[in-house]
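These notes concern the structure reproduced below.
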Amino acid sequence: MNNLLELDERAEKLTIDLPTAGIQLSALAWGPPGGRPVFALHGWLDNAASFSPLSPYLESCRLVAVDLPGHGGSGQLPHSSWIHYPDYLPLLLEALDRLGWDQCTLLGHSLGAGLATLIAALFPQKVSALAAIEGIGPLTAPADQALTSLRRSLTQLRRHPDRKLPTYSSCEAAISARHQAGDLSLEAARILASRNLVEKGDGVGWRTDPRLTLRSPVYLMEEQVLSILEGVEAPTLLIKGDRGLLVGRPEITERCQRFDKLEIVELSGGHHLHMDDAKAVGTVITDFFQREG
């Protein structure tokens, strides 16, 4: 079903066919085809349109932002399985193969920043540079929480096999709900809704896979993530908001110490600062790209 809102006329709409995975990934692309290849990964419950405000400030780049499985216009993972972030990795690597990019720059926000960091660590030969916004590696949990996490996740999955997301009387009502539920402006909520609302009965609802709202079954431990981060060889930029989700998290300091080439920039803003102040974020990223070739 088509989206109800169309906000970015500059974007090219792409379909990345992944026949071996049984799903298709949708993406948005901006910039010259011969520009610097930048593969962008969005945050949890967001979609590719989250990079729309940033795209005018990366005009020398070929920016391709993919909808992660279960988000935006992309297909969903098999319903017999949990949705766990490592499941995204082989699909994203195949998407890069389909784009014909042997090497690229990775740009990620939040969940997408965690995924981009893992790709940079696991396959350093594929990544020329990494720009991470409000995230640096995946969420973790202590070992003594493993039983509780797995039990809670399985219980949720069994109780809600046909979980439904809310529906709303109008697009504006849905946009207002998204704005109130997260740390983002009303305009940012409108941009995200432009790629994620569909008609449902007499109202509208989200295209999102409902399983994304369930607890993850397994988390890595912090020690494992620290070990993985040592595999990142690419020059890395971390952009944090002074009111973002990385504030007050001591493990972020230790993670940053595992990078050989890391630049940290703190800007005024919250978790979605790349949407709410795209010019400031875009300027920092462009300067980083220019320095790193």
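The values are calculated or read from the model by the stated rules, or taken from the named source; none is laboratory data. Just so we're clear, the structure is a prediction, and the values are computed from it rather than from any experiment. No Cβ is skipped: glycine too gets one built from the backbone with ideal geometry, and neighbour counts run over all protein chains shown.
Suppose we filter E263, E223 for residues that are farther than 30 Å from L150 by Cα and of a type outside the set (A, V, I, L, M, F, W, C); which single one remains? None of the others qualify; the one that does is E263. Of the residues D46, D67, which single one is touching a residue at least 12 places away in the same chain (Cβ under 8 Å), crowded, with 24+ Cβ neighbours inside 10 Å and either touching a His at 6+ places or on another chain (Cβ under 6 Å) or farther than 17 Å from L89 by Cα (or both)? Testing whether each residue is touching a residue at least 12 places away in the same chain (Cβ under 8 Å), crowded, with 24+ Cβ neighbours inside 10 Å and either touching a His at 6+ places or on another chain (Cβ under 6 Å) or farther than 17 Å from L89 by Cα (or both) leaves just D46. Pairs are defined by a Cβ separation below 9 Å, a sequence spacing of at least 6 or placement on different chains, a first member in region 149-171 that is closer than 18 Å to G205 by Cβ and modelled with pLDDT of 90 or more, and a second member that is surrounded by 12 or more Cβ atoms within 10 Å (Cβ to Cβ) and among the polar types (S, T, N, Q); the pairs so defined are Y168/S176. Residue check: is E94 surrounded by 23 or more Cβ atoms within 10 Å (Cβ to Cβ), under 25 Å from R36 (Cα atoms) and charged (D, E, K, R)? No.
Conditions (1) over 30 Å from T167 (Cα atoms); (2) under 20 Å from the mean Cα position of the chain (by Cα); (3) of a type in the set (S, T, N, Q), marked per residue:
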site: G203; (1), (2), (3): no, no, no
site: L212; (1), (2), (3): no, yes, no
site: S227; (1), (2), (3): yes, no, yes
site: L246; (1), (2), (3): yes, yes, no
site: E263; (1), (2), (3): yes, no, no
site: H271; (1), (2), (3): no, yes, no
site: Q290; (1), (2), (3): yes, no, yes
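The set of residues from region 128-151 being among the hydrophobic types (A, V, I, L, M, F, W, C) and surrounded by fewer than 24 Cβ atoms within 10 Å (Cβ to Cβ) comprises A129, L139, A141, A143, A146, L147, L150. A search for C-beta distances below 9 Å between a residue of region 195-209 that is under 17 Å from P69 (Cα atoms) and of a type in the set (K, R) and any residue that is at pLDDT 90 or above and surrounded by fewer than 18 Cβ atoms within 10 Å (Cβ to Cβ), counting only pairs 6+ apart in sequence or on different chains, returns R207/V198. Going residue by residue through region 49-62, is there one that turns out to be under 15 Å from L111 (Cβ atoms) and buried (at least 18 other Cβ atoms within 10 Å of the Cβ)? Yes, that holds for at least one residue.
Please find, within region 97-127, the residue that is surrounded by the most Cβ atoms within 10 Å (Cβ to Cβ) out of those that are out of contact with any strand residue (DSSP E or B) (no Cβ under 8 Å at 6 or more places or on another chain) and either β-branched (V, I, T) or assigned to a helix (DSSP H, G or I) (or both). Out of the qualifying residues, it is L118. Taking the criterion of being in contact with an Asp or Glu (Cβ under 9 Å, 6 or more places away or on another chain), more than 16 Å from G137 (Cα to Cα) and without any contact (Cβ under 8 Å) to a residue 40 or more places away in the chain, the residues of region 244-280 that qualify are E266, L267, S268, G269. For region 260-268, state whether one or more residues are over 29 Å from Q156 (Cα atoms), modelled with pLDDT of 95 or more, touching a Gly at 6+ places or on another chain (Cβ under 9 Å) and assigned to a strand (DSSP E or B). Scanning region 260-268, I find at least one residue that is over 29 Å from Q156 (Cα atoms), modelled with pLDDT of 95 or more, touching a Gly at 6+ places or on another chain (Cβ under 9 Å) and assigned to a strand (DSSP E or B), so the answer is yes.
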